[in-house]
Structures are given as structure tokens and as C-alpha cells.
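Read the structure below first, then the notes.
The values are calculated or read from the model by the stated rules, or taken from the named source; none is laboratory data. From a predicted model like this one, the values you see are computed outputs, not experimental measurements. So basically every Cβ, Gly included, is an ideal-geometry build from the backbone, and we count neighbours across all protein chains shown. Calculation scope for accessible area: heavy atoms of the full protein, side chains included, ligands and nucleic acids excluded. Shrake-Rupley method; radii C 1.70, N 1.55, O 1.52, S 1.80 Å.
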Amino acid sequence: MPQVKKKAKNPILIEFATKIRQRRHILSLTQEQVAERANFHVNFIGGIERAERNPSLTSLITLANALNCSIIEILPI
């Protein structure tokens with residue numbers, strides 16, 4: 001059986017994922033609770049936190065609102 005190479009994760013998405021997870025933990029929220037607040041599927045939140053998803057600008061704003069913070073606080077800058 002041939003081995004499948006895993007694609008390296010983007011360092012920007014990794015940093016973003018870390019910021020989202022840290023903010024969620026500060027608020028003592030589960031992924032399910034964040035998903036509900038943002039009206040996203042929980043799998044989408046999990047994908048963001050695993051640096052597997054690259055959310056759109058509108059999703060970033062919605063996510064920041066769900067985490068009670070500004071978009072600047074969650075951007076990897």
C-alpha cells in the first residue's frame with residue numbers, strides 16, 4: 001500500500017489556531033459553544049483549531065464576535 005504524504009500545515013494557520021484555542025479557553029467555552037454562538041458547525045471550529053481550515057474574512061469577524069474580542073486579537077500578526 002503506497003504511503004500518502006501529509007501536507008505541511010501553514011504556519012500562519014497554526015498561529016491562528018493557537019490564538020482561537022487560547023481565547024476559547026480563556027472564556028471557558030467548548031468548541032460546541034463557540035460553534036453555537038457563531039452559527040457554525042462544530043467540525044468547522046475543530047478544523048480551525050487544528051489549522052486545517054482557512055476561514056473567510058466574514059467567518060473571522062463572526063468568530064471574533066463569538067469569542068467576544070476584536071478581529072485584531074485573533075489574527076496572527
- Message: Given a 1.4 angstrom probe, what's the average accessible area per residue across the chain, in square angstrom?
- Response: 71
- Task: About the Cα centre of the chain, how large is the charge dipole given +1 on each Lys and Arg Cβ and -1 on each Asp and Glu Cβ? Please answer in debye to the nearest 20.
- Result: 340
